[in-house]
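First the structure, in the form of structure tokens, and then the observations on it.
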Amino acid sequence: MRIDKFLAQSTGLSRKEVHRLIQTGKITLDDEVIKNIGLHVKDDADILLNGFPVEPPRDYYLMLHKPEGFVCSNQDGSHPSVLNFIELPRADEMTICGRLDVDTTGLVLITSDGKWAHRVTSPRHKTGKRYRVVTADPIASSAIDTFAQGLMLNSELKPTLPAELEILSSHEALLTLQEGRYHQVKRMFAAIGNKVVGLHREKIGFITLDDELEPGEYRELTADEVAAI
Ligand code: URA
């Protein structure tokens with residue numbers, strides 16, 4: 001990889017800023033000052049910036065505890081993005097794997113690896129997503145069968161895929177979906193005459209939201225969690 005690309009990717013600086021650092025002698029490779037911006041370096045090259053080691057570029061796989069009031073898109077006119085929480089190089093270019101509504105809380109996966117993000121969101125991979133749902137009215141026990149069979153949502157042509165509902169108390173349940181249609185949980189409850197007043201995602205596939213994470217906090221996924229998707 002070219003040294004300017006290596007530095008831009010690992011530090012998050014622009015190519016222009018990197019070129020300035022190189023031209024002013026701030027970068028060394030194996031203790032030698034580098035002046036050639038097009039120099040090719042190995043992925044594990046020993047590069048220093050102002051005497052401090054530069055970590056080679058790599059992919060990030062993160063879980064975030066999303067608080068209310070943030071959106072799962074890179075930009076939105078009215079609400080800040082969940083990417084604002086991520087203090088890593090090139091965070092603004094990362095992929096948010098599936099969307100939660102602005103008022104939904106819980107587990108969000110974020111990565112710089114586009115192929116992995118696709119595996120999380122593609123319905124073909126049938127990655128179950130578990131939500132804790134609080135409703136305005138009591139949850140009818142008939143909802144278990146209705147959701148298991150699939151139901152038609154307003155203005156859609158295909159019924160929902162079978163979903164698993166576990167009723168925890170009169171107004172609280174766990175719902176596991178194999179797909180992620182627009183406002184799906186809220187629309188499924190609306191279709192049976194109820195209203196979602198609280199929604200929190202707890203789990204995606206085998207990855208459970210770490211209960212050590214406060215809203216707005218994130219951590220890197222373990223190698224096992226990354227491999228589980
Ligand atoms: N379903 C919804 O209705 N909202 C979400 O944020 C996620 C799933």
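Annotations for the structure displayed:
- Selection within region 93-140 - among the acidic types (D, E) and in contact with a strand residue (DSSP E or B) (Cβ under 8 Å, 6 or more places away or on another chain): D101, D103, D113
- Qualifying positions in region 95-151 - out of contact with any helix residue (DSSP H, G or I) (no Cβ under 7 Å at 6 or more places or on another chain) and at positive phi: G106, K126, G150
- Qualifying position, being in a loop (DSSP other than H, G, I, E, B) and open to solvent by 20 Å² or more (accessible area, probe 1.4 Å), among K42, K5: K42
- The selection criterion, being of a type in the set (A, V, I, L, M), out of contact with any Lys or Arg (no Cβ under 7 Å at 6 or more places or on another chain) and open to solvent by less than 50 Å² (accessible area, probe 1.4 Å), does not hold for L107.
- So F52, is it open to solvent by 40 Å² or more (accessible area, probe 1.4 Å), within 22 Å of T121 (Cβ to Cβ) and not basic (K, R): no
- Residue that is nearest to I207 (Cα to Cα), among those in region 110-132 that are without any contact (Cβ under 8 Å) to a residue 24 or more places away in the chain and open to solvent by less than 90 Å² (accessible area, probe 1.4 Å): A117
- Hits in region 47-75 - residues which are at pLDDT below 95 and under 26 Å from D210 (Cβ atoms): E55, P57, R58, D59, S73, N74
- In region 71-104, the residues that are without any contact (Cβ under 8 Å) to a residue 60 or more places away in the chain, surrounded by 20 or more Cβ atoms within 10 Å (Cβ to Cβ) and assigned to a loop (DSSP other than H, G, I, E, B): C72, M94
The values are calculated or read from the model by the stated rules, or taken from the named source; none is laboratory data. What you see is a predicted model; the values in this text were computed from it and never measured. In this analysis, Cβ positions are derived from the backbone assuming ideal geometry, glycine residues included, and neighbour counts consider all displayed protein chains. Heavy atoms of the whole protein, side chains included, go into the accessibility calculation; ligands, DNA and RNA do not. Shrake-Rupley method; radii C 1.70, N 1.55, O 1.52, S 1.80 Å.
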